[in-house]
Structure formats: C-alpha cells, structure tokens
Amino acid sequence: MTIPDYQTVMLPLLKYAADRKDHSLREAVDSLAEQFKLSEEEKKEMLSSGQQAIFLNRVGWARTYLKKAGLLETPRRAYFCISDRGLKVLQEKPSRIDAKFLDQFEEFREFRAKKKEKPEKGKVKETKETPEELLENSYQNLRANLAHEILEQIKKNSPSIFENIVVELLVKMGYGGSRKDAGQAIGKSGDEGIDGIIKEDRLGLDIIYIQAKRWANTVGRPEIQKFAGALQGQRAKKGVFITTSTFSKEARDYSSKIENKIVLVDGEQLAEFMIDHNIGVSPIAKFELKRIDIDYFTEE
C-alpha cells in the first residue's frame, strides 16, 4: 500500500485516540502503520531532506490539524488525547476528516488565517502534502529547473569554459591542490583518451586521470573502454569521466566491472555538483526550518 497523505490519516488518528487515553506520537505512528499495512520500506521512507520519515511527518501534521480544530488536546508534554469535541465528531460517524471538514471550527479557521492559508469564500484549499513536503518538493523543482538551465548554458559556451568549470569543480570538491596546479594539469596531458591529470589531494599522494566530453549524444561503452585502456597505459588506477550528456547502460555496466576505478559523472550530476558548490550560480534566498526543542522547556 502507498503511504497515505496526512488528511487521509486524520480520521484514523482520531479513532485511535477514542479510548480517551494519553498517547505519544510514536505509539500512534506504529499503530497506524499497522492499520494501513505499510511495509518496512514504506515506514522508513524519508523526506527528500533525509531528516524525517514521511509517515511520521504526515501523522504529526494530522495531529497538529486535529489539535488546532479542538478535536485533540495536549494533557502533558509530548502526549495527546481526544477532546469532548473530538468524541462528538466521531459520534457523527464522518466518512472522512480533512481540512474542508475542519474548516467548520472557528479555531481551525483562525489557525489557517495565521498561516496565510485563508481560502476564497466558499472554498477550502486542500492538498495531500504536508507543509514540509510542499517546501521540499518546491525546492527540488526549482533545483531541477536550475540544473537544466546550467546544462543548456554549458552547451552554448566554448570547450574552454567547460574545461574551466571542470577545474573549479574538482578544486572545490577537494581535489587538485591549488587552483593554479589544477589549471595546469587539466587539458595538458596530450595522451590518447586522457584530457587531464589532477592530484587526488593537496600532497599529491595519488593521481586521478580525467576525461571531459562536452557532448550532446550518449556516451557508450567504446568511449569508456578507450579511457580504461589509456589508464592502463599510464599504470593508473583511478579516473573520472565527465560529460554534459548521459552514459549508456552498457557503459555503466562496463565501468563497474573493470579493475580500474572509473567514476562516471553525467550532465545531471555535473549540474547538481555545480549547484552544491556554488559554481555558475548565485544564492538569492535562504530559509532555515526549525523545530521546537521540548528539552528547553523541561524543568531540571
């Protein structure tokens, strides 16, 4: 079964609390996961940030919305229980509880207004995603669009600019020693199948050979074989093949089976690395998400 959205979780969560006992969020998550027949993989699936499990996040937001509507209460720290209003709602046997249903309660409408979610008159904004999911998905969409723009710009520019990008990226990732050393190494090899040589660390304890292709077509196995042969000719063990396009399945399979370690970086990965290391991009805004620190409010 797919992981239910947080609005689908609302009614089962309220029913779970119908025994009037105090419950922790973790207890609720475990019980509802069993009720929804979630697999171990689904229970462990994380938000794109990797900071929280998706199902835990959705149950947490279902609890928040039910509390804001007055259907759940907080009897003590980190616990919740059903309210008299919540019991009354269950007695009405609703088929579903969601944001539209909760909008009948004044406290919930005030909560949404404070969050700037106030809908048009007669309409209630509904979404299957929690606020964290909306933010993370929006971020990923913006990042994907930016990566696409980066690749398009690289393809429009000269090979020398692509060479400079490769140099700057490797240096910022910790390779090549100084920028000057890396710049002298890349593009100066002249050996067949090798575009550059760069230090693995500042001391030069090992050498990495580089092949950089500003291509539009898919890089196939023959190109990787040629690069691997060039490495053997230099008695080299490590290489990086960077392209603005993609690698075929045969190319990836071949690189994973040979003795030499060859890392394949396609256009999408290249753009992602450039974004991560602020190459060719400029930050315009930064948002920091925070979570309440319960321990701060606990008396010694």
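The values are calculated or read from the model by the stated rules, or taken from the named source; none is laboratory data. None of these values were measured; they are calculated from a predicted model. Quick reminder, even Gly has a Cβ in these numbers, built from the backbone with ideal geometry, and neighbours come from all protein chains shown.
Points worth noting:
- Qualifying residues in the range 61-79 (those that are surrounded by 20 or more Cβ atoms within 10 Å (Cβ to Cβ) and not aromatic (Phe, Trp, Tyr)) - the one farthest from Tyr16 (Cα to Cα): Ala69
- In the set Ile279, Ile262, only one residue is in contact with a helix residue (DSSP H, G or I) (Cβ under 8 Å, 6 or more places away or on another chain), surrounded by 15 or more Cβ atoms within 10 Å (Cβ to Cβ) and not in a loop (DSSP other than H, G, I, E, B); that residue is Ile262.
- Any hit, the range 233-249, residues being part of a helix (DSSP H, G or I) and over 28 Å from the mean Cα position of the chain (by Cα): yes
- The set of residues from the range 228-253 being surrounded by 15 or more Cβ atoms within 10 Å (Cβ to Cβ) and either closer than 19 Å to Pro159 by Cα or free of Cβ contacts under 8 Å to residues at least 24 places away in the same chain (or both) comprises Val240, Phe241, Ile242, Thr243, Thr244, Ser245, Thr246, Arg252.
- Which numbered condition Tyr175 fails, given (1) under 22 Å from Asn278 (Cβ atoms); (2) surrounded by 14 or more Cβ atoms within 10 Å (Cβ to Cβ); (3) among the hydroxyl-bearing types (Ser, Thr, Tyr); (4) at pLDDT 85 or above: (4)
- Considering the conditions (1) touching a residue at least 40 places away in the same chain (Cβ under 8 Å); (2) farther than 13 Å from Glu129 by Cα; (3) basic (Lys, Arg), Lys67 is excluded by exactly one of them, (1).
- Annotation: Leu71 fulfils all but one of (1) in contact with a Gly (Cβ under 6 Å, 6 or more places away or on another chain); (2) farther than 23 Å from Phe101 by Cβ; the unmet one is (2).
- Residue count for the range 25-79 satisfying the condition of being within 17 Å of Asp5 (Cβ to Cβ), outside any helix (DSSP H, G or I) and of a type in the set (Asp, Glu): 1.
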